[in-house]
Amino acid sequence: MTIDKFIEELKKINIELTEDQLNKFKKYADFLLEYNKTTNLTAIRDIEGVYLKHFYDSLLVLDNNIIDFSEVESLIDIGTGAGFPGVVIKIMFPNIKVTLLDSNNKKTTFLKELISVLGLDNVTIINDRAENYVKEHRQKYDISIARAVSELRVISELCLPLTKINGYFIALKGNYVPEIKAASNTIKKLDSEIVSIKEKMLPIEKSYRSLIFVKVNKKIDEIYPRRYEQIIKKELK
Ligand code: SAM
């Protein structure tokens, strides 16, 4: 997707970018592609792919009638990788205190450099596993979000305990349908509910995307998340 097409497609979903935001996206793409030559961060190796499959794809989450991101104070991106969607959201909403968490040291080292290149403040980068980090940060974030990290029931058990009461966990997925039944059981056990599922389509390659919005209704029992091996092995029923 060319930059002109990126701007045009975003307008269709009511997203207008400022000069400053456009400059930041360009710097982000250039830095990512350069870094990726020596350290493997993403399989996408061309600038048009970065604009379509990372930037535009991450921005789809803003096209919803549930969350007004200008009102959000804190957000954690679990398994953020090279910053998707957390850094993209931060570029659009500098008001949000963003935490980027990934267990892969290569990714968090890149993110530290990226944040400095983009001149972003109020960004915390954590090199840890989500199931470990949650122990000291229970129900602390307005929004938890994850794109392409693991099966929906697994990522729900990791993210919901990080989310405030009345806050939201948002999962960015491809096809959610095969995972929804097991995830619904987990979500119910963790006193939360799916309030909306938005189906989207990526322009040009016309592939399906889905956004699953899960609201946390109560204090979540501290037995969750279980140990990672336990989560993987046994579905909650
Ligand atoms: N969200 C990014 C994106 O959409 O491009 C990265 C997706 S990548 C496929 C999954 C990332 O999640 C990896 O960087 C991996 O290290 C991280 N990850 C997986 N399980 C994790 C866990 N339990 N705690 C922290 N990070 C995790």
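In this structure the chain gives 47 Å² per residue of accessible area when probed at 1.4 Å with all protein chains present.
Please report the carbon-and-sulfur percent of the accessible area for the chain; probe 1.4 Å, protein heavy atoms only, DNA, RNA and ligands left out. All intermediate terms of the calculation are to be shown ahead of the outcome.
Numbers: 5230 of 11050 Å².
Of the solvent-accessible surface of the chain, carbon and sulfur hold 47 percent.
Of the residues Pro85, Ile115, Ser74, the one whose Cα sits farthest toward the positive end of the charge dipole of region 68-233, with +1 on the Cβ of Lys and Arg and -1 on the Cβ of Asp and Glu, is Pro85. Its DSSP H runs of at least 4 residues, each contributing -39,500 (n - 2.57), put the calculated 222 nm mean residue ellipticity of the chain at -9000 deg cm²/dmol, to the nearest 500. Annotation: amide H of Ser144 within the under-5 Å range of Ile76, Tyr168, Phe169, Ile170, sequence separation 5 or more or interchain, hydrogens built in the peptide plane.
By the rule of a C-alpha distance below 19 Å, with chain neighbours fewer than 8 residues away ignored, the aspartates and glutamates paired with Lys206 are Asp4, Glu8, Glu9, Asp46, Glu48, Asp57, Asp63. Cross-link reach is defined here as a Cα-Cα straight distance under 12 Å, omitting same-chain residues fewer than 8 places apart; for Lys90 the aspartates and glutamates meeting it are Glu73, Asp77, Asp121. Once you divide the Cα radius of gyration of the chain by 2.2 N^0.38 Å, the number left is 0.97.
The slack between Asn65 and Asn104, meaning 0.36 nm per residue of separation minus the straight C-alpha distance, is 10.7 nm. Given +1 at the Cβ of Lys and Arg, -1 at the Cβ of Asp and Glu and no other charges, the dipole of region 1-95 around its Cα centre is 340 debye to the nearest 20.
Across the options Gln230, Leu41, Ser150, the greatest Cα extent toward the positive end of the charge dipole of the chain (unit charges at beta carbon of Lys, Arg, Asp, Glu) belongs to Gln230. Out of all DSSP beta bridges in region 68-233, what portion is antiparallel? Express it as a percent rounded to 5. Of the beta bridges lying entirely in region 68-233, close to 45 percent run antiparallel. Within straight-line reach of Lys219, meaning a Cα separation under 19 Å, sit the following aspartates and glutamates at least 8 residues removed in sequence or on another chain: Glu131, Glu136, Asp142, Glu157, Asp191, Glu193. Computed on protein heavy atoms with a 1.4 Å probe, the accessible areas place Arg129, Arg227 in the order Arg227, Arg129, largest first.
The values are calculated or read from the model by the stated rules, or taken from the named source; none is laboratory data. In this text the structure is predicted, and so the values were computed from the model without any measurement. Every residue, glycine as well, gets a Cβ built from its backbone with ideal geometry; the counts of neighbours run over all protein chains shown. In case anyone asks, the SASA skips ligands and DNA or RNA and just uses the protein heavy atoms, side chains included. Shrake-Rupley method; radii C 1.70, N 1.55, O 1.52, S 1.80 Å.
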